[in-house]
Amino acid sequence: MQRLSSTTLGRLPVSVRRPRYARADVRNGVVHLGIGAFHRAHQAAVFDAALGAGDLRWGILGVSLRSPGVRDQLVPQDGLYTMLVRDGAGEQAQIIGAVRDVLVAPEDPARVIAALAHPDTHIVTLTVTEKGYCIDAATAALDRGNADVAQDLADLSAPRTAPGFLVAGLAARHAAGLPPFTALSCDNLPHNGRLLRAAVIEMARAHDPALADWIAQHGAFPQSMVDRIVPATDPRDIATLAETTGLQDQGLVKTEPFLQWVIEDRFCGPRPDFAAFGVQLTDRVEPWEDAKLRLLNGAHSGIAYLGGLAGIDHVHEFVARADGRAFVEALWDESAATLTPPPGLDVAAYRGQLMARFTNPALAHRTRQIAMDGSQKLPQRLLAPIAIRRARGLSVDALALGVAAWMLWQRGLDEAGTPFTVDDPLAAVTAARLDGVTDPAAQVAALMAIEAIFPRDLAEDDALRATLTGQVTRLARDGALATLRALGEAAV
């Protein structure tokens, strides 16, 4: 079967939406680092809308910092891919044409730097996950113990990290007399713009203090918050689409109708008319960010570990259970009390909207997918609201249960005894801490002592440790579903 491409695009059924602009006239105004499924279903869809409105400055050059997988999916298709938007009413297929090429950074770092330094490049967006920022969680500075960071601090001729590439690109622009680009983090990381700015300036200062000063004075690193559920694509999705359209699409992404993007209006150069495409520009992203991280993402993490331990594969299956839904509502009750909602955010309505999204069976959002990189996600999703509630003397039963489930997840065994790989940058650390430790209290203490995850005030909180120990004990003894039922009964 032929692949989707510029030459086969016209063979698609008329029901499939396709680009209505001349792709040959598009300029690459955006370089995106970390071109995974989320970017292709979120930011790329917005830039595609800008192109469709006639502003042809916003084509995307995608960059994979590690694997050639996405390049191999998209380049044979001329960058084209299908975005399937699914809900209970059906699905809409749309061809996204904004991605014009994909580079693999380790194969040709010089070409990536040249793209960053090109005069047409105005915005560099990033979805590199929390670990891609190479930040030491304890110091909020570059992790100088990271071998790739150490290499980039010594030599930027062939960068290995996202901050390294940004500095190399900015250095080339400075040398050419060009203004800096706006570096826009789109990862679920609190204060993402601030952290990215600090990492870039620290990296730059190690090479050229004058460059660091120029970036600090003229560059821009807006905060942002992104939200759209994008489950992993599996071979069945690709096969089904091929049967429907007659073309094979290896770059397919599937998502939900909901899309939210909140950006701090702080750019140092041109930008699309974001507001015209549903993006919210604001002077304060943090309240929106906190609500999303603690409500949507916090609930997702709790669902992922409790559901994963119990053998529940998908989010919609978890919340279809009365005890699963009750857990999510209890967690939201606890987290909502820690928020300062911005104008325009109705927390009760937002919760209702989230639950409707969670119950969407068409997404088939896997708990195992959400469980990845938990050590990077727990601090902002569950531990931050726990810290606020503990400081106020409030209970944290539901939030702590999510953390306790994460602790059991580190064993790499579900309740049926089936082994799995703990997919996390600190998996070796957690495994070493738990090696030979069988007592729940000792397990909790060992994991709470990991400074990269637990801030000191929580690590030294005896009452929290006792709560977690009780929950780990119950989860290991009774299982996740019985523990969820007990939590619900205690709340009545």
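Could you list all residues from the stretch 381-435 that are among the β-branched types (V, I, T) and under 13 Å from A337 (Cα atoms)?
Within the stretch 381-435, I386, I388, V396 qualify.
Condition first: free of Cβ contacts under 8 Å to residues at least 24 places away in the same chain and either among the acidic types (D, E) or on the phi > 0 side of the Ramachandran plot (or both). Now tell me which residues in the stretch 133-158 satisfy that.
Listed by number, the residues that qualify are D143, D148, D155.
Rundown of residues vs (1) aromatic (F, W, Y); (2) at pLDDT 95 or above; (3) within 19 Å of L309 (Cα to Cα), yes/no style:
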position	(1), (2), (3)
V347	no, yes, no
Y350	yes, yes, no
L354	no, yes, no
I370	no, yes, yes
L394	no, yes, no
Q410	no, yes, yes
D435	no, yes, no
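What number goes with the only condition from (1) part of a helix (DSSP H, G or I); (2) crowded, with 18+ Cβ neighbours inside 10 Å that A110 does not pass?
All conditions pass for A110, except number (2).
Looking at the stretch 247-271, which of its residues are farther than 25 Å from K292 by Cα and touching a Pro at 6+ places or on another chain (Cβ under 8 Å)?
Selection gives Q250, C268, G269.
Can you find a residue that is surrounded by fewer than 17 Cβ atoms within 10 Å (Cβ to Cβ) and either more than 20 Å from H42 (Cβ to Cβ) or of a type in the set (V, I, T) (or both) anywhere in the stretch 293-310? Don't jump to the end; show me each part of the working.
Step one: filter the stretch 293-310 for residues surrounded by fewer than 17 Cβ atoms within 10 Å (Cβ to Cβ), giving none.
No - not one qualifying residue is present in the stretch 293-310.
Exactly one of these conditions fails for M448: (1) of a type in the set (A, V, I, L, M); (2) modelled with pLDDT of 95 or more; (3) in contact with an Asp or Glu (Cβ under 8 Å, 6 or more places away or on another chain); (4) over 25 Å from R321 (Cβ atoms). Give me its number.
Every listed condition holds for M448 apart from (3).
Could you check, for the stretch 31-45, whether at least one of its residues is in the same structural domain as S224 (by TED's automatic domain parsing), over 22 Å from the mean Cα position of the chain (by Cα) and farther than 12 Å from A98 by Cβ?
No: zero hits.
Yes or no: the stretch 239-259 includes at least one residue that is at pLDDT 95 or above, under 30 Å from G219 (Cβ atoms) and under 20 Å from the mean Cα position of the chain (by Cα).
Within the stretch 239-259 (the criterion being at pLDDT 95 or above, under 30 Å from G219 (Cβ atoms) and under 20 Å from the mean Cα position of the chain (by Cα)), the answer is yes, since at least one residue qualifies.
Considering only the stretch 44-82, state which residues are farther than 21 Å from P272 by Cα, assigned to a strand (DSSP E or B) and either without any contact (Cβ under 8 Å) to a residue 24 or more places away in the chain or not β-branched (V, I, T) (or both).
S64, Y81, listed by residue number.
Can you tell me which of (1) farther than 30 Å from A427 by Cα; (2) crowded, with 22+ Cβ neighbours inside 10 Å is the one T359 doesn't meet?
(2)
So which residues in the stretch 74-105 are among the small types (G, A, S), more than 23 Å from the chain's Cα centre (by Cα) and at pLDDT 95 or above?
Within the stretch 74-105, the subset among the small types (G, A, S) is 79, 88-90, 93, 97-98, 105.
Okay, now just the ones that are also more than 23 Å from the chain's Cα centre (by Cα), so 88-90, 93.
Scanning the stretch 74-105 gives a single hit, A93.
For every residue, the table says whether it meets (1) among the acidic types (D, E); (2) surrounded by fewer than 17 Cβ atoms within 10 Å (Cβ to Cβ); (3) not assigned by TED's automatic domain parsing to the domain that holds P342.
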site	(1), (2), (3)
P231	no, no, yes
L247	no, no, yes
E264	yes, no, yes
P270	no, yes, yes
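Looking at (1) more than 22 Å from the chain's Cα centre (by Cα); (2) buried (at least 17 other Cβ atoms within 10 Å of the Cβ); (3) under 29 Å from E451 (Cα atoms), which is the one condition that is false for D333?
Every condition holds for D333 apart from (2).
Has the stretch 116-123 got at least one residue that is without any contact (Cβ under 8 Å) to a residue 60 or more places away in the chain, on the phi < 0 side of the Ramachandran plot and not small (G, A, S)? Break it down stepwise before answering.
So the first thing to find is which residues in the stretch 116-123 are without any contact (Cβ under 8 Å) to a residue 60 or more places away in the chain, and the list is 119.
With the extra rule that they be on the phi < 0 side of the Ramachandran plot, the set shrinks to 119.
Applying the additional criterion that residues be not small (G, A, S) yields 119.
The answer is yes, given that some residue of the stretch 116-123 is without any contact (Cβ under 8 Å) to a residue 60 or more places away in the chain, on the phi < 0 side of the Ramachandran plot and not small (G, A, S).
Yes or no, residue by residue, for (1) touching a Lys or Arg at 6+ places or on another chain (Cβ under 9 Å); (2) assigned by TED's automatic domain parsing to the domain that holds P379; (3) of a type in the set (A, V, I, L, M, F, W, C); (4) modelled with pLDDT of 95 or more:
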{"site": "N297", "(1), (2), (3), (4)": "yes, yes, no, yes"}
{"site": "A304", "(1), (2), (3), (4)": "yes, yes, yes, yes"}
{"site": "I312", "(1), (2), (3), (4)": "yes, yes, yes, yes"}
{"site": "V315", "(1), (2), (3), (4)": "yes, yes, yes, yes"}
{"site": "F318", "(1), (2), (3), (4)": "yes, yes, yes, yes"}
{"site": "R321", "(1), (2), (3), (4)": "no, yes, no, yes"}
{"site": "G324", "(1), (2), (3), (4)": "no, yes, no, yes"}
{"site": "A330", "(1), (2), (3), (4)": "no, yes, yes, yes"}
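Within the stretch 440-492, which residues are within 20 Å of L413 (Cβ to Cβ) and either of a type in the set (G, A, S) or in contact with a strand residue (DSSP E or B) (Cβ under 7 Å, 6 or more places away or on another chain) (or both)?
Correct list: A441, A442, A446, A476, G479, A480, A482.
Could you please let me know if T182 is assigned by TED's automatic domain parsing to the domain that holds H39, over 25 Å from H118 (Cα atoms) and hydroxyl-bearing (S, T, Y)?
So T182 fails the test.
Kindly indicate which of A336, A348 is of a type outside the set (S, T, Y) and either without any contact (Cβ under 8 Å) to a residue 24 or more places away in the chain or over 13 Å from L296 (Cα atoms) (or both).
Sole residue among the options that is of a type outside the set (S, T, Y) and either without any contact (Cβ under 8 Å) to a residue 24 or more places away in the chain or over 13 Å from L296 (Cα atoms) (or both): A348.
Do we have A212 as modelled with pLDDT under 95, small (G, A, S) and either surrounded by fewer than 22 Cβ atoms within 10 Å (Cβ to Cβ) or assigned to a loop (DSSP other than H, G, I, E, B) (or both) here?
no
Name the single residue that is surrounded by the fewest Cβ atoms within 10 Å (Cβ to Cβ) among those in the stretch 162-188 being assigned to a loop (DSSP other than H, G, I, E, B) and among the hydrophobic types (A, V, I, L, M, F, W, C).
L178
The values are calculated or read from the model by the stated rules, or taken from the named source; none is laboratory data. What you see is a predicted model, and the numbers here were worked out from it, not measured in a lab. Because the Cβ atoms are built from the backbone with ideal geometry, glycine has one as well, and the counts that use them run over all protein chains shown.
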